């Protein structure tokens, strides 16, 4: 029996998705064990074995794939509990890392502290060496000085060392020599070189990425070793893969070297899962959103490819390796509503969190939150929150909104609650706008895939504000990320800075660099068990108009023989002008352009589980009708039918206004929307004045 | 129709306006050609209404923002009823266009609803070349505006949507770095286009009537917020004066800015009577720049969350006598005002306010003191122009917080992104030798100032012109501490020639740089806050271990006795030294 398991370790719960060979899937949940997360993981595997009425050993031996998402590195950075890390850089440039380019976000506010350093100044060493801007070694590495630094690092119990020297992306000679001395002198320490992790121009961004890699590397390596050991001892012989920030997965060995790639992997499963739910309807242009307790994540997917950024950030430091471009805003169920000094309503970014949480949780919270507003407006049932596990206190919610919002604005509690609802919707809508319109893509031709406990309460309003015609709501939002993990391919990113004016470009040199990257990628993917015919390379070129300081990424065609031809360059140029225009409102035909970086994303296709479709039950949803209650829409309360989501099946139709309740989420269907259950029992919502097949047809046509 | 606007709708709309300004700013940052826009973010984006009132803004460079209302007033006066849909208007003129100074090009696009003017989208930024005989717009020998580069009164880059070729040609053919200026003008035009797209969408969603009413309420409520903040400052009259090094002509005479702040209930007046008459050199501040600086000094002291729109600005009463360094008259030179004079005005206001609200006021930031340079780079075969923005000084400390390191200059209030040293070398004929924190540069205090910077580079080409357009090289103009905190050493500049000779670049002076020259800069840190002898011993020790504070300074300035070998504190000796019997 070939089982597959997706494991998503969250702050409170660890979610498991178990899929068997027939495509039947089941969800499991255990409490996370932050001290050693592998305990929580083993507990979950035990539960699954019990569920399947097998011994753990038998289950593990039948388990062919585990895809594992972990926030262990993320938490280490956010709480500054990483490894004791040393950092080595070029003499004269000791503080580039901690200067963080000299920015302060809140410009008018002199009363807060900068983010605490990842590596303190006392732990940053410099050595004499210099490469010039053309890649020449003008000062060779001072090896005597380096030997002394290695000795100091050895004596002082550092667990990891990050190295990044000036222009090492052009010529890694000095850095490699330094790395060799470190590896010889410190065989037990985690050593990370910028020329191995990110050979790309921009010193702070490179330094920061390497420092973070060193800072979390030992922790991740140790955790993976523990986990592998536990699994192996239990009889597991399948594949273990680790979720990455770029939406792909990697083997444990590669992940241990590129630990920085897991830092932003928490929300990365979402977009990949979104891809899967879109694919059910043949849709590849999507925006996935996830609204939880404290934050809202939005990601654009174009032609089945999630957007990528190199502007990632964590704990005030930059991660310049490619990661999924996910816009995160402080908008969630716990977001706090307040009235500022000018009498303006604000919602978020501060959150009441889970403890004390929203006022209606009855745990002593007095802040008015989005969840309180959702309760007052009738979207939430006080007796069926988390399937009835938790009773909500409507009186407390009323008091909180009255005190913090209604009185200050001179409006009723209901108006105040509607205001909070509207305001948080607008904030999220702007987040959606940032990933779509601001990047040159029209939301009218995208579908919205919604996850997170609070997401489906607000989804229709976001879609309406952005003219998004179709909303997909996967059943059971917890499945969302775990399913995404099982759907992920292996993905490795490579970059080489090759700065040259496009008209002076030497095609054979470009081809040579691309081939080098491809060979590296092929070797890595093959070591991870991917046969050559499942390796899919995608080359990109970062380009800009001569003299610009930021680049636009454009696809670089390359023939199967590894050739780059003259006409490929003119195609590249055309694509660049078009993309620049779409992004920024202008392009400059005829102006000189330059190539900066060549990139490769190499995908190793994994074998995906198939999910079993459910039987069509026809449109009648009346069996699922629970009751009616007063729910606020637009200007007032309306008597609204409430359906039990667990009793809804493939084919069932619901006409707004309506509420659909699931144990972990609630779907609000406004009066001008309809809702239908699709072949996998997921929900699909669309405006009443449109026909579903027409919308889908139009979205497909625009792909 | 006079209905009361839903307070929630006005909150939503205010959010939308902010978002539009941010998006315009993103466009500028990502598409600019000059490092001054894209790396140093020396620009601002804003939305104005049909009456020329500022509704929202995104100031990457704080000091540019407050002058925008002066721009828009002049520009609307200039064109009167000749403002058409599809126009894009440009000006850089400090007198005819209400600009801070000439290197900033202001681009404004009127946005129409039907045939009615509804909004303006505005993008203003510092250009790399204005055609002046100076360096990146800075000309230390200029004694009038006519020597400070091309003067562009309000002109139309586009007229009714049609590209106005003659204006573009006239501008671009008068400057050296044509392709950069052309690129950045396109980038600004593109940003206002993005603003137009967004505002048109909002207009069609909400309708103009309701938006107009909401705007009134947004501005009025901001005014109420601002007045409530002013009322928290104790009534009284507070005075201070600060100096600039000199004007580049009379090198022995410091130039004075004097302020008297009068607070009565919800009213605040900034009276600069007594400031020096306008001078020959370029440190004269235009009225727009002075007003902008007053906003900056005040907004960095009171609630930072106040919306920086017309509602807030209308609460500020400014008295700046015409013909002085804080309100210069045509044709006074004024290019250095956004740096030198802004810092000086801001310091005078903070120093005065430190008497009224010491718990809110910051100690002085390091003044800007580093050159702009310009020349030909033989390696790339192109002209280059650069401001050495790596020389960021320290910020001043406040009650409870150390100043931020490497954050200056105050004109930018922490929005100035330091350039990347690698990209810098790829464009310029320079080799950076050192770029680190400068030891003992921070002003001691219970909360210390931010660290200054040690920055030096070797010149790899001949015939490069430089001009230090900042100041702060004298003890009188170095950052001060407040509430018992100490000030810092002045900044220090030196050019070393290959033959062993040296030249003092001073300020406002052309210095030619040639192959092999080494330019060394020690940029000051920020002023400290509170008695340094009250700084916790462990924090002083931390700074010593991190190599930011010397063992000597730990003793002399902080009264902490550190063993230089073991880097440990002698607690008993420290106690005796800090509290002598």
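The values are calculated or read from the model by the stated rules, or taken from the named source; none is laboratory data. Remember, predicted model here, so these are calculated numbers, not experimental data. Here the Cβ positions follow ideal geometry from the backbone for every residue, glycine too, while neighbour counts run over all protein chains shown.
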Worksheet, complete the sentence: From the option list B:194, B:128, single residue qualifying as in a loop (DSSP other than H, G, I, E, B) and facing chain A (nearest Cβ under 10 Å) is B:128
Worksheet entry | Filter result for residue B:363 (closer than 17 Å to residue A:108 by Cβ, surrounded by 24 or more Cβ atoms within 10 Å (Cβ to Cβ) and either modelled with pLDDT of 95 or more or within 13 Å of chain A (Cβ to nearest Cβ) (or both)) | yes
Practice prompt. Examine the stretch B:126-141 for a residue that is assigned by TED's automatic domain parsing to the domain that holds residue B:30, within 23 Å of the chain's Cα centre (by Cα) and closer than 21 Å to residue B:21 by Cα, and state whether such a residue exists.
Written response: yes
Response to the item:
Those residues of the stretch A:593-642 which are within 14 Å of chain B (Cβ to nearest Cβ) and touching a strand residue (DSSP E or B) at 6+ places or on another chain (Cβ under 6 Å) amount to A:593, A:594, A:595, A:596, A:597
Discussion item. Exactly one condition in (1) in contact (Cβ under 8 Å) with a residue 60 or more places away in the chain; (2) within 11 Å of chain A (Cβ to nearest Cβ); (3) assigned to a helix (DSSP H, G or I) is false for residue B:289; which is it?
Written reply: (2)
Discussion item. For the stretch A:601-609, check the following and say yes or no: at least one residue is over 27 Å from the mean Cα position of the chain (by Cα) and outside any strand (DSSP E or B).
Written reply: no
Item to complete: Considering only the stretch A:103-117, state which residues are more than 7 Å from every other protein chain (Cβ to nearest Cβ) and in contact with a strand residue (DSSP E or B) (Cβ under 6 Å, 6 or more places away or on another chain).
Response: none
Practice prompt. With a cut-off of at least 2 residues that are within 14 Å of chain A (Cβ to nearest Cβ), name the strands (runs of 3 or more DSSP E) lying wholly within the stretch B:33-121.
Written response: B:43-49, B:54-59, B:104-113
Item to complete: Return the residue satisfying two criteria in turn: it lies in the stretch A:188-199 and is buried (at least 24 other Cβ atoms within 10 Å of the Cβ) and at pLDDT below 95, and of such residues it is farthest from the other protein chains (Cβ to nearest Cβ).
Response: A:197
Worksheet item: In this structure, is residue A:212 under 20 Å from the mean Cα position of the chain (by Cα) and either buried (at least 22 other Cβ atoms within 10 Å of the Cβ) or modelled with pLDDT under 95 (or both)?
Response: yes
Item to complete: Need at least 1 residues that are not assigned by TED's automatic domain parsing to the domain that holds residue B:407 per element, so show me which strands (runs of 3 or more DSSP E) inside the stretch B:449-500 make the cut, counting only ones lying wholly within it.
Response: none
Worksheet item: Of all residues in the stretch A:118-144, which are part of a loop (DSSP other than H, G, I, E, B) and more than 10 Å from chain B (Cβ to nearest Cβ)?
Response: A:118, A:119, A:128, A:129, A:135, A:136, A:140, A:141, A:142
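If the requirement is being within 22 Å of the chain's Cα centre (by Cα), farther than 23 Å from residue B:308 by Cβ and away from chain A (no Cβ under 12 Å), which of these qualifies: B:242, B:251?
Working: B:251 fails: within 22 Å of the chain's Cα centre (by Cα).
Going through B:242, B:251 in turn, the sole match is B:242.
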Worksheet item: Looking only at residues in the stretch A:414-431 that are more than 8 Å from chain B (Cβ to nearest Cβ) and in contact with a helix residue (DSSP H, G or I) (Cβ under 6 Å, 6 or more places away or on another chain), which one is surrounded by the fewest Cβ atoms within 10 Å (Cβ to Cβ)?
Response: A:425
Worksheet entry | Enumeration of residues in the stretch B:407-432 that are at the interface with chain A (Cβ under 7 Å from one of its Cβ atoms), modelled with pLDDT of 90 or more and under 15 Å from the mean Cα position of the chain (by Cα) | B:407, B:418
Discussion item. Touching a helix residue (DSSP H, G or I) at 6+ places or on another chain (Cβ under 7 Å) and over 30 Å from residue B:224 (Cβ atoms): is that true of residue A:409 in this structure?
Written reply: no
Practice prompt. Return a yes/no flag: does the stretch B:441-460 have any residue that is at pLDDT below 95 and out of contact with any helix residue (DSSP H, G or I) (no Cβ under 8 Å at 6 or more places or on another chain).
Written response: no
Practice prompt. Specify which of the listed residues (A:647, A:578, A:591, A:602) is in contact (Cβ under 8 Å) with a residue 40 or more places away in the chain and surrounded by fewer than 20 Cβ atoms within 10 Å (Cβ to Cβ).
Written response: A:591
Worksheet item: Is there a residue in the stretch B:107-114 that is under 30 Å from residue A:552 (Cα atoms) and at pLDDT below 95?
Response: no
Worksheet item: Taking the condition surrounded by 24 or more Cβ atoms within 10 Å (Cβ to Cβ), more than 10 Å from every other protein chain (Cβ to nearest Cβ) and closer than 27 Å to residue A:284 by Cα, does residue A:455 pass?
Response: yes
Worksheet item: Within the stretch B:564-575, is even one residue assigned to a strand (DSSP E or B), assigned by TED's automatic domain parsing to the domain that holds residue B:457 and touching a strand residue (DSSP E or B) at 6+ places or on another chain (Cβ under 7 Å)?
Response: no
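Yes/no matrix, rows are residues, columns are (1) under 29 Å from the mean Cα position of the chain (by Cα); (2) more than 22 Å from residue A:663 (Cα to Cα); (3) within 14 Å of another protein chain (Cβ to nearest Cβ):
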position: A:326; (1), (2), (3): yes, yes, no
position: A:339; (1), (2), (3): no, yes, yes
position: A:343; (1), (2), (3): no, yes, yes
position: A:351; (1), (2), (3): yes, yes, no
position: A:372; (1), (2), (3): yes, no, no
position: A:376; (1), (2), (3): no, no, no
position: A:383; (1), (2), (3): no, no, no
Response to the item:
Among (1) surrounded by fewer than 22 Cβ atoms within 10 Å (Cβ to Cβ); (2) more than 18 Å from residue A:38 (Cα to Cα), residue A:235 falls short only on (2)
Practice prompt. Could you please find all residues in the stretch A:79-102 being under 15 Å from residue B:451 (Cα atoms) and more than 9 Å from chain B (Cβ to nearest Cβ)?
Written response: A:97
Worksheet, complete the sentence: Out of (1) under 23 Å from residue B:58 (Cβ atoms); (2) touching a strand residue (DSSP E or B) at 6+ places or on another chain (Cβ under 6 Å), the one residue B:318 does not meet is (1)
